[in-house]
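**Student:** Starting off with a structure, shown below.
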Amino acid sequence: MTVQELAIKMEFSVAAGAKAFNKEVCGCYIGDLLSRVISRSKPSGAWITIMTNVNVAAVALLSDVACVILAEDVEPDPPLIERCDIEGIPLLRSKLDAYTIACGLKEII
Amino acid sequence: MSFLSELIKLVYQVDGDDFTAAGSASSDVKRIMKQLGMDSEITRRVTICMYEGEMNMVIHAKGGEAFVEIDDEKVKILMKDKGPGIPDLNLAMQEGWTTADETARNLGFGAGMGLPNMKRYSDEFQIETKMGEGTTVTMQIWLNGGKKVA
Ligand SMILES: Nc1ncnc2c1ncn2[C@@H]1O[C@H](COP(=O)(O)OP(=O)(O)OP(=O)(O)O)[C@@H](O)[C@H]1O
Ligand SMILES: [Mg+2]
């Protein structure tokens, strides 16, 4: 499933990185502590977090996740949006909490 | 392996307390390894080691320098700072131990996993530190026959 299909099915709104929406997604990792995320997340997974600062972009890029999903309607900092657009990292937003998003992902991918 | 006829040497200045540019040295090394067509698992391990070292210099040492060497046997990363040093290395190497301040923790740092990650994902890990003088971390990742880390 591509990031785009995922975003449509789960009704995520798009904050940035639309140019990379054809990336394939499989699996997910939930976490906010960056040293955990960088070592434990899986390439091509979705990363669900409530972190909104620009360092999220570096970690997403370095760990090769397919997209970042911001849970609980948190608002991304402008520098994060900007960096995700430049680097081509899909940045999605959801009103749901991380658990509910992960359950939804399990159903559809 | 024949893809590298010459040694590649990279040098980076890492700014202290500039959280917004943080990770740029690691990103650059990753990009170069990809361009060289290097193994993705090796690249992942180098990337983790490099990022953790870079962030530690930003957060704990007001910046420093990173030296990366790639040859046909290994990737060697040397990170050198003139920060405060680490008073108790045994404690610092423990998972979960952190002195990251509130600003850093609010940004998602301070899991106390950086040094343990660096040790775990490198084939050889050395750290030297002196109070008031600084810290030097050396990590090597073999291109062949290195660790398998899940
Ligand atoms: N270069 C350094 N200079 C001075 N102190 C350091 C340095 N690197 C690590 N430390 C000390 O060792 C502790 C543990 O480092 P480690 O990287 O494992 O965790 P952290 O940086 O606190 O959190 P995380 O890496 O998970 O974001 C730090 O909190 C800090 O006190
Ligand atoms: Mg650290």
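**Student:** What do you reckon, is residue A:20 over 10 Å from the mean Cα position of the chain (by Cα), touching a residue at least 60 places away in the same chain (Cβ under 8 Å) and away from chain B (no Cβ under 14 Å)? Talk me through it step by step, then tell me what you get.
**Tutor:** Working: over 10 Å from the mean Cα position of the chain (by Cα): yes; touching a residue at least 60 places away in the same chain (Cβ under 8 Å): yes; away from chain B (no Cβ under 14 Å): yes.
Yes, satisfied.
Conditions (1) away from chain A (no Cβ under 14 Å); (2) surrounded by 17 or more Cβ atoms within 10 Å (Cβ to Cβ); (3) more than 21 Å from residue B:66 (Cβ to Cβ); (4) within 7 Å of ligand 1 (Cβ to nearest atom), marked per residue:
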residue: B:103; (1), (2), (3), (4): no, no, yes, no
residue: B:117; (1), (2), (3), (4): no, yes, no, no
residue: B:142; (1), (2), (3), (4): yes, no, no, no
residue: B:146; (1), (2), (3), (4): yes, yes, no, no
residue: B:150; (1), (2), (3), (4): no, no, yes, no
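**Student:** State the number of residues belonging to the range B:124-140 that are more than 16 Å from residue A:39 (Cβ to Cβ), touching a strand residue (DSSP E or B) at 6+ places or on another chain (Cβ under 6 Å) and either free of Cβ contacts under 8 Å to residues at least 60 places away in the same chain or buried (at least 18 other Cβ atoms within 10 Å of the Cβ) (or both).
**Tutor:** Residues of the range B:124-140 more than 16 Å from residue A:39 (Cβ to Cβ): B:124, B:126-138, B:140.
Pick out the ones that are also touching a strand residue (DSSP E or B) at 6+ places or on another chain (Cβ under 6 Å) and you get B:124, B:126-129, B:134-138, B:140.
Subsequent filtering for residues that are either free of Cβ contacts under 8 Å to residues at least 60 places away in the same chain or buried (at least 18 other Cβ atoms within 10 Å of the Cβ) (or both) retains B:124, B:126-129, B:134-137, B:140.
Residues flagged as more than 16 Å from residue A:39 (Cβ to Cβ), touching a strand residue (DSSP E or B) at 6+ places or on another chain (Cβ under 6 Å) and either free of Cβ contacts under 8 Å to residues at least 60 places away in the same chain or buried (at least 18 other Cβ atoms within 10 Å of the Cβ) (or both) within the range B:124-140 amount to 10.
**Student:** For the range A:83-94, check the following and say yes or no: at least one residue is on the phi > 0 side of the Ramachandran plot, surrounded by fewer than 17 Cβ atoms within 10 Å (Cβ to Cβ) and more than 11 Å from the chain's Cα centre (by Cα). Break it down stepwise before answering.
**Tutor:** Initially, the range A:83-94 is screened for residues on the phi > 0 side of the Ramachandran plot, giving A:88.
Now restrict to residues that are surrounded by fewer than 17 Cβ atoms within 10 Å (Cβ to Cβ): A:88.
Retained after the next criterion (residues that are more than 11 Å from the chain's Cα centre (by Cα)): A:88.
Yes; the residues of the range A:83-94 include at least one that is on the phi > 0 side of the Ramachandran plot, surrounded by fewer than 17 Cβ atoms within 10 Å (Cβ to Cβ) and more than 11 Å from the chain's Cα centre (by Cα).
**Student:** Out of the residues in the range B:80-101 that are under 16 Å from the mean Cα position of the chain (by Cα) and within 14 Å of chain A (Cβ to nearest Cβ), which is farthest from ligand 1 (Cβ to nearest atom)?
**Tutor:** B:93
**Student:** Across the range B:129-150, what is the total count of residues that are within 14 Å of the chain's Cα centre (by Cα) and more than 13 Å from ligand 2 (Cβ to nearest atom)?
**Tutor:** Start the filter on the range B:129-150 by keeping residues that are within 14 Å of the chain's Cα centre (by Cα), which leaves B:135-141.
Add one more test, that the residue is more than 13 Å from ligand 2 (Cβ to nearest atom), and what stays is B:136, B:138-141.
Matching residues across the range B:129-150 total 5.
**Student:** Still on this model: Considering only the range B:17-28, state which residues are surrounded by fewer than 17 Cβ atoms within 10 Å (Cβ to Cβ) and either more than 10 Å from chain A (Cβ to nearest Cβ) or at pLDDT 95 or above (or both).
**Tutor:** Scanning the range B:17-28 gives B:17, B:18, B:28.
**Student:** Considering every residue within the range B:29-40, establish whether at least one is loosely packed, with under 15 Cβ neighbours inside 10 Å, in contact with a Lys or Arg (Cβ under 9 Å, 6 or more places away or on another chain) and within 13 Å of chain A (Cβ to nearest Cβ).
**Tutor:** Checked against the condition, which is being loosely packed, with under 15 Cβ neighbours inside 10 Å, in contact with a Lys or Arg (Cβ under 9 Å, 6 or more places away or on another chain) and within 13 Å of chain A (Cβ to nearest Cβ), the range B:29-40 yields at least one hit.
**Student:** Which one of these does residue B:64 not meet: (1) at pLDDT 95 or above; (2) away from ligand 2 (no atom under 12 Å from the Cβ); (3) more than 14 Å from chain A (Cβ to nearest Cβ); (4) more than 18 Å from residue B:28 (Cα to Cα)?
**Tutor:** (4)
**Student:** OK, next. Counting only residues that are in contact (Cβ under 8 Å) with a residue 24 or more places away in the chain and surrounded by fewer than 16 Cβ atoms within 10 Å (Cβ to Cβ), which one in the range A:51-76 is farthest from the other protein chains (Cβ to nearest Cβ)?
**Tutor:** A:72
**Student:** Kindly evaluate residue B:108 against the criterion of being touching a residue at least 60 places away in the same chain (Cβ under 8 Å), surrounded by 19 or more Cβ atoms within 10 Å (Cβ to Cβ) and either within 11 Å of ligand 1 (Cβ to nearest atom) or among the aromatic types (Phe, Trp, Tyr) (or both). Lay out the reasoning, then the answer.
**Tutor:** On the way: touching a residue at least 60 places away in the same chain (Cβ under 8 Å): no; surrounded by 19 or more Cβ atoms within 10 Å (Cβ to Cβ): yes; either within 11 Å of ligand 1 (Cβ to nearest atom) or among the aromatic types (Phe, Trp, Tyr) (or both): yes.
Answer is no for this residue.
**Student:** Of these, B:59, B:70, B:48, B:77, which one is farther than 24 Å from residue A:80 by Cα, buried (at least 16 other Cβ atoms within 10 Å of the Cβ) and within 14 Å of ligand 1 (Cβ to nearest atom)?
**Tutor:** Values: B:59 fails: farther than 24 Å from residue A:80 by Cα; B:70 fails: within 14 Å of ligand 1 (Cβ to nearest atom); B:48 fails: farther than 24 Å from residue A:80 by Cα.
Being farther than 24 Å from residue A:80 by Cα, buried (at least 16 other Cβ atoms within 10 Å of the Cβ) and within 14 Å of ligand 1 (Cβ to nearest atom) holds for just one of B:59, B:70, B:48, B:77, which is B:77.
**Student:** Also, I was wondering about something else. In the range B:34-62, what residues are in contact (Cβ under 8 Å) with a residue 40 or more places away in the chain and closer than 16 Å to residue B:100 by Cβ?
**Tutor:** Residues satisfying the conditions are B:52, B:53, B:54, B:55, B:56, B:57, B:58, B:59, B:60, B:61, B:62.
The values are calculated or read from the model by the stated rules, or taken from the named source; none is laboratory data. In this text, all values refer to a predicted model and were calculated from it rather than measured experimentally. Virtual Cβ from ideal backbone geometry, glycine too; neighbours counted across all protein chains shown.
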